[in-house]
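For reference, the structure discussed in these notes is given below.
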Amino acid sequence: MNLTELNLDPHTIPAHVAIIMDGNGRWAKVRGLDRSQGHIEGVNTVRRITETASQLGVRYLTLYTFSTENWNRPKEEVDALMTLVGVAIARETPDLIKNNVRLAIMGDLKRLPQATLDLLRGCMADTAHCTGLTLNLAISYSSRWEITEAVKAIAAKAAAGEIDPESVTDETVSAHLAAPSIPDPDLLIRTGGDYRISNYLLWQIAYSELYFSPLFWPDFSGDDFISAVRSYQHRQRRFGLTGDQVENNEQK
């Protein structure tokens, strides 16, 4: 993929892109289909966006696959989603290996059906040697769950005398989150036309650039992903500094 022809700067490709994949059910509804068909079509979108991100040189792609709140959906839909996740991962494993993509997962995994968890862990083991894009699935995940678990872990260490509460820093909290080895997202994309974060990576996206698309997730194409990255590259990331400070630092 020629980044120059795409009007992309190869030096400012976001290292980590996180996506809220919204709109599968509504995509199916407007077509008179069962919601499950939307989720199936959404898997196809995951494949093409993963391929596009890998080709662009994105290092980490985190997808909001299933939230802790999603457990409250009708049991039939939850069961179908869990089966779909496992089957899709097993089916895609050879292509992930071929494309040098490593699978990672994060979330309250003890709530997953054992069959689904086994398939996910099998893919993680099979792709562990891959050195390209890391595809990180946030499944049975919510940010409040994640932060609560981090607080409990830090509190337990403090109670045991392993850590001084006064020494706790931002870095301490980050180190106790669900995926401490993955850097914070540079860009967060949400499809489906809504403008909210939905309990997703609240700690990690403190300084992420946000991009909202009106498209339902099944309609989101590789070109749409590229447009989001292009929009990201036209923004100045200030991290609390002034624009002049950022420009002066870039010129040094």
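The values are calculated or read from the model by the stated rules, or taken from the named source; none is laboratory data. As the structure is a computational prediction, the values presented were derived from the model and not from experiment. So basically every Cβ, Gly included, is an ideal-geometry build from the backbone, and we count neighbours across all protein chains shown. Protein only, heavy atoms only, side chains kept; ligands, DNA and RNA dropped before computing areas. Shrake-Rupley method; radii C 1.70, N 1.55, O 1.52, S 1.80 Å.
Among what's in region 91-127 and is small (Gly, Ala, Ser) and open to solvent by 50 Å² or more (accessible area, probe 1.4 Å), pick the residue that is farthest from the chain's Cα centre (by Cα). Break it down into steps so the answer makes sense when it comes.
Taking region 91-127 and keeping what is small (Gly, Ala, Ser), we get 104, 107, 115, 122, 125.
Restricting the remaining residues to those that are open to solvent by 50 Å² or more (accessible area, probe 1.4 Å) gives 115, 125.
On the way: ALA115: 23, ALA125: 20 Å.
Here the answer is ALA115.
Pairs, please: C-beta under 6 Å, at least 6 apart or cross-chain, first residue under 17 Å from VAL46 (Cα atoms) and in region 223-234, second surrounded by 13 or more Cβ atoms within 10 Å (Cβ to Cβ)?
These pairs meet every condition: PHE225/ILE49; PHE225/THR52; ILE226/LEU6; ALA228/ILE189; ALA228/TYR211.
Go through region 186-211 and give me each residue that's in contact with a Ser or Thr (Cβ under 8 Å, 6 or more places away or on another chain), free of Cβ contacts under 8 Å to residues at least 40 places away in the same chain and more than 20 Å from LEU56 (Cα to Cα).
Correct list: empty.
Quick check on this structure: which one of ASP79, ASP118, ASP95, ASP126 is among the acidic types (Asp, Glu), assigned to a helix (DSSP H, G or I), closer than 30 Å to ASP9 by Cβ and out of contact with any Gly (no Cβ under 7 Å at 6 or more places or on another chain)? If you could, list the steps in order and put the result at the bottom.
Details: ASP79 fails: closer than 30 Å to ASP9 by Cβ; ASP118 fails: closer than 30 Å to ASP9 by Cβ; ASP126 fails: closer than 30 Å to ASP9 by Cβ.
Exactly one of ASP79, ASP118, ASP95, ASP126 is among the acidic types (Asp, Glu), assigned to a helix (DSSP H, G or I), closer than 30 Å to ASP9 by Cβ and out of contact with any Gly (no Cβ under 7 Å at 6 or more places or on another chain), namely ASP95.
Residue under question is VAL151, and the condition is that it be more than 25 Å from ALA90 (Cβ to Cβ), open to solvent by less than 40 Å² (accessible area, probe 1.4 Å), β-branched (Val, Ile, Thr) and modelled with pLDDT of 95 or more; does it hold? Break it down into steps so the answer makes sense when it comes.
Details: more than 25 Å from ALA90 (Cβ to Cβ): yes; open to solvent by less than 40 Å² (accessible area, probe 1.4 Å): no; β-branched (Val, Ile, Thr): yes; modelled with pLDDT of 95 or more: yes.
It is false that VAL151 is more than 25 Å from ALA90 (Cβ to Cβ), open to solvent by less than 40 Å² (accessible area, probe 1.4 Å), β-branched (Val, Ile, Thr) and modelled with pLDDT of 95 or more.
Which residue out of VAL85, VAL46, VAL58 is in a loop (DSSP other than H, G, I, E, B), closer than 26 Å to ASP224 by Cβ, hydrophobic (A, V, I, L, M, F, W, C) and in contact with a strand residue (DSSP E or B) (Cβ under 7 Å, 6 or more places away or on another chain)?
Details: VAL85 fails: in a loop (DSSP other than H, G, I, E, B); VAL46 fails: in a loop (DSSP other than H, G, I, E, B).
That would be VAL58, the only listed residue that is in a loop (DSSP other than H, G, I, E, B), closer than 26 Å to ASP224 by Cβ, hydrophobic (A, V, I, L, M, F, W, C) and in contact with a strand residue (DSSP E or B) (Cβ under 7 Å, 6 or more places away or on another chain).
Please verify whether SER231 is at pLDDT 95 or above and under 30 Å from TRP71 (Cα atoms), treating the condition exactly as stated. Even if it seems obvious, please write down each step before you answer.
Values: at pLDDT 95 or above: yes; under 30 Å from TRP71 (Cα atoms): no.
Here the answer is no, as SER231 does not meet what is asked.
Could you pull out the residue among ILE189, ILE163, ILE182, ILE139 that is in contact with a strand residue (DSSP E or B) (Cβ under 6 Å, 6 or more places away or on another chain) and open to solvent by 20 Å² or more (accessible area, probe 1.4 Å)?
On the way: ILE189 fails: open to solvent by 20 Å² or more (accessible area, probe 1.4 Å); ILE163 fails: in contact with a strand residue (DSSP E or B) (Cβ under 6 Å, 6 or more places away or on another chain); ILE139 fails: open to solvent by 20 Å² or more (accessible area, probe 1.4 Å).
Of ILE189, ILE163, ILE182, ILE139, the one residue that is in contact with a strand residue (DSSP E or B) (Cβ under 6 Å, 6 or more places away or on another chain) and open to solvent by 20 Å² or more (accessible area, probe 1.4 Å) is ILE182.
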